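The values are calculated or read from the model by the stated rules, or taken from the named source; none is laboratory data. The structure presented is a predicted model; accordingly, all values stated were derived computationally and were not measured. Here Cβ is always computed from backbone atoms with ideal geometry, including for glycine, and neighbour counts include all displayed protein chains. Only protein heavy atoms, including side chains, enter the accessible area calculation; ligands, DNA and RNA are left aside. Shrake-Rupley method; radii C 1.70, N 1.55, O 1.52, S 1.80 Å.
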Amino acid sequence: MAHNETTPAGTAAGTSGNTAGGTPARTPGTPGGPGSGRSALRRLELLDAADRVVMRDGPDASMNTIAAEAGITKPILYRHFGDKDGLYRALAERHTEELALAIRAAVDPARGHSPRERIQATIDTYLAHIEANPQVYRFLLHRAGAESADVHGHVTAYQRRVGEELARSFDPVGATGVLARAWAHGIVGMVQACGDWWLEEHPCERAELTVYLTELLWGALPTALTMAAESAKAADGADQAQ
C-alpha cells in the first residue's frame with residue numbers, strides 16, 4: 001500500500017521558516033533537509049525499487065509500477081527525482097558508471113595485459129554486463145534513451161568515454177592520436193550493435209562471441225596500421241609537392 005511522505009508541520013516543501021515547535025526549518029541541501037543523508041538514503045531505496053521493476057519488466061516498466069513497488073504514490077516518486085527524466089537519468093548514471101568502472105579496470109595497463117588481451121577483456125566485460133542485465137539494457141537504450149533527450153545524451157557521453165578509455169590501449173601497437181580514437185570509437189559502435197543482435201537471438205555463448213569479435217578486430221589491426229601509415233606518408237608527400 002502506498003504511504004505518504006509529509007513535510008514537517010509548520011513548513012512548506014522547499015521553503016525555510018520555523019516549525020511548530022519554534023525550531024528553524026532546514027532548506028534543501030542543509031543537514032537534516034531534503035538534501036541530507038536521510039533523503040539520499042531514501043533516494044537510493046527508490047532507485048533500488050526502480051531497478052527491481054526494470055529488471056523484471058524491461059522497456060515496459062512504468063512510473064506507476066515503480067511507485068507501487070516502492071510503496072509510495074507517483075507524485076512522491078517525482079518529488080525525489082524531479083520528473084520522469086530525472087528518474088531515468090539516475091538509473092542511467094547508476095548502470096553506466098558500473099560498466100565504465102569495469103571496463104576501465106579491464107584496460108588498465110597495470111594489469112599487464114597485451115593490447116589484444118585488453119580488447120578481448122573490454123568486449124567480454126561489455127557483453128557480460130548486458131547478459132547479466134538484459135532488461136536494464138533494453139530499458140535504457142530502447143525506452144529511456146528514446147523518450148528522454150537527457151538520458152540519450154548521457155548514454156552517448158558514456159559510449160564516448162568508453163571509446164577514449166579503449167583508445168589508450170592502442171599505444172603499444174603504434175596507433176595514437178586520431179587513428180587510435182577512430183578505431184576505438186568504431187569498436188564501441190560495432191560491439192554495441194553486435195551485442196544488440198546477440199542479446200535478442202543468443203546464437204552462441206558469450207565466450208564464443210568474444211573470441212569471434214576479438215579475432216576480427218585484432219586480425220585486422222596490424223594491416224590497418226600499416227595502411228594508415230602508408231596513406232599518411234603519401235598524403236604528406238603530396239602536400240610537400242604542391
For the pair residue 100 and residue 220, what calculated FRET efficiency results from E = 1/(1 + (r/R0)^6), where r is the Cβ-Cβ distance and R0 = 25 Å, to the nearest 0.05? 0.45
Label residue 164 and residue 201 with points 7 Å out from Cα along Cα→Cβ: what is the distance between them in nm? 3.5
Just check region 117-224 against the gyration tensor rule for me: Cα atoms, a ≥ b ≥ c as the square roots of the eigenvalues, rounded for a/c under 1.5, and otherwise prolate or oblate depending on whether a/b exceeds b/c. oblate
The long-range amide H neighbours of residue 72, using H built 1.01 Å from N in the peptide plane and a cut-off of under 5 Å, are 3
Total charge of the residues flanking residue 127 in space, meaning their Cβ is under 13 Å from its Cβ, with Lys and Arg +1 and Asp and Glu -1, is -4
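Using a cut-off of 14 Å between beta-carbons, work out the net charge of the residues near residue 142 (Lys and Arg +1, Asp and Glu -1, residue 142 not included).
-3
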If I model a spin label at residue 93 and residue 117 as a point 7 Å from the Cα along the Cα→Cβ vector, what separation in nanometres do I get? 3.6
Rounded to whole Hz and in sequence order, give me ³J(HN,Hα) for region 116-128 from the Karplus expression 6.51 cos²θ - 1.76 cosθ + 1.60, θ = phi - 60°, writing x for Gly and Pro. 4, 5, 5, 4, 4, 5, 5, 4, 5, 4, 5, 5, 5
Distance from the Cα centre of region 35-54 to that of region 112-150, in angstrom? 23
Consider all pairwise Cα distances in region 88-179 and report the whole-number % of them above 20 Å. 40
Projected area of region 37-94, taken from the Cα convex hull and averaged over every viewing direction, in nm²? 3.6
On the accessible surface of region 31-155, probed at 1.4 Å, how many percent belong to carbon and sulfur atoms? 53
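Extension gain residue 44-residue 85, at 0.36 nm per residue separation less the Cα-Cα distance, in nm?
Values: separation 41, 0.36 × 41 = 14.76 nm, distance 1.64 nm.
Using 0.36 nm per residue and subtracting the Cα-Cα distance, I get 13.1 nm.
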